[in-house]
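Since the structure comes first, as structure tokens, the remarks are kept for the end.
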Amino acid sequence: MPTETTMYRKEQFMQASQFTRLEKDVLEGLLEDGSNYTMEQAKEQLNQFMNEEAK
């Protein structure tokens, strides 16, 4: 079982079944190509974006 320190590429998040299509679309724009992220980092980026006040 992966630990919280396991790093994933952006492409792997796009294939993860735990995210909805909308969440994957948001992550596609937020995560950088070629960078690695923990599951927690990806979820935090997603939460920050979803909770951000519209301008």
Which ³J(HN,Hα) values, rounded to whole Hz and listed in residue order, are derived for the stretch 9-24 from phi using the Karplus coefficients 6.51, -1.76 and 1.60 in 6.51 cos²θ - 1.76 cosθ + 1.60 with θ = phi - 60°, glycine and proline given as x? 7, 3, 4, 5, 5, 5, 9, 5, 7, 7, 9, 6, 4, 4, 4, 5
Provide the per-residue ³J(HN,Hα) series for the stretch 34-44, in order, calculated from phi with Karplus coefficients 6.51, -1.76, 1.60 and θ = phi - 60°, each as a whole number of Hz, with x at glycine and proline positions. x, 9, 10, 9, 7, 4, 5, 5, 5, 5, 5
Candidate cut points under chymotrypsin sites (Phe, Trp or Tyr not before Pro) in the stretch 2-52, DSSP loop plus at most 11 other Cβ atoms within 10 Å of their own Cβ, are none
Could you please state how large a percent of the accessible area of the chain is carbon and sulfur, counting protein chains only and using a 1.4 Å probe? 47 percent
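The values are calculated or read from the model by the stated rules, or taken from the named source; none is laboratory data. Every value quoted in this text rests on a predicted model; they were computed, and no experiment measured them. We place every Cβ from the backbone using ideal geometry, glycine too, and count neighbours over all the protein chains shown. Areas reflect the complete protein model, heavy atoms only, side chains present, ligands, DNA and RNA absent. Shrake-Rupley method; radii C 1.70, N 1.55, O 1.52, S 1.80 Å.
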